[in-house]
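Derivation of every value follows stated rules applied to the coordinates shown; laboratory data play no part. This structure is a prediction, so every number in the text was calculated from the model and none was measured. Here the Cβ is made from the backbone with ideal geometry for all residues, glycine too, and neighbour counts use every protein chain on show.
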Amino acid sequence: MKILEKTENPLLSRTKLKIDLDHSNQPTPKKEDIISGIAKTLNTKPGLIKLEHIYTKFSSGKSRIIAYVYKDEKTLKSIQKNKKKGKKTETKKEGSEEQQEVKPESKKE
């Protein structure tokens, strides 16, 4: 893991990292593995790191990673949006159930 660029952003209380990762003869590493590697390198908590992108060229064995390291958890939660959407629960009305029951039409000869 080689840090190519480190950009401080004091307004958003975060640091942007561009990282070059060599993983020859192996698949692209999982996000959790990348986050734990960044946390060990920078001596920070894994919960303060968010991966923006992982770019891997086909059959090259190298990936370019863009990640953000936040100063505290409060800033992280205020800036990052929750991308996971919950399932929508459908509520059926009694009138709509009656409309769904359609009688088959008689065949005209």
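Assorted remarks:
- Separation in nanometres of the label points that stand 7 Å from Cα toward Cβ, at D22 and S78: 4.1
- Each other residue within a Cβ distance under 13 Å of I54 adds +1 if Lys or Arg and -1 if Asp or Glu, for a net charge of +3.
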